[in-house]
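Undergrad: Quick one: the structure is below, questions incoming.
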């Protein structure tokens, strides 16, 4: 009887499109260490004056922050293990919001693309 219940639960997960098992404590621990290391690198580069003055400072912080955001969403919010529809419902509006913000930054002159010498 217990075997039938487990098999039925497995069939329900397959019907819902959930094909990955949920993470174990080991996975959460590894993800926490990775997030901590990225945070340490972010704080560490902030205290390097030559790197802070370079053009790579802000893009590197933004890339690390985006990676941390994606990691938290995928693992701690379980988006990686949910149905594909939930991923689309999350990432679709996120992409629209990011595109809108970037467009507004260009519109108000906070971002510029050097196309050539314009006098």
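The values are calculated or read from the model by the stated rules, or taken from the named source; none is laboratory data. Note that this is a predicted model, so its numbers are computed, not measured. Heads up, the Cβs are rebuilt from the backbone with ideal geometry, glycines too, and the neighbour counts pull from every protein chain shown.
Undergrad: Which of the residues that make up segment 98-118 are under 30 Å from residue 36 (Cα atoms) and at pLDDT 90 or above?
TA: 99
Undergrad: While we're here: Criterion first (modelled with pLDDT of 90 or more, assigned by TED's automatic domain parsing to the domain that holds residue 35, surrounded by 12 or more Cβ atoms within 10 Å (Cβ to Cβ) and part of a helix (DSSP H, G or I)) does residue 65 satisfy it?
TA: yes
Undergrad: On to the next question. Restricting the search to segment 68-81, which residues are part of a loop (DSSP other than H, G, I, E, B) and either within 21 Å of residue 98 (Cβ to Cβ) or in contact with a strand residue (DSSP E or B) (Cβ under 9 Å, 6 or more places away or on another chain) (or both)?
TA: Result: 77, single match.
Undergrad: Provide a single number: the residues in segment 37-58 that are within 25 Å of residue 75 (Cα to Cα) and exposed (fewer than 10 other Cβ atoms within 10 Å of the Cβ).
TA: Residues meeting the conditions: 1.
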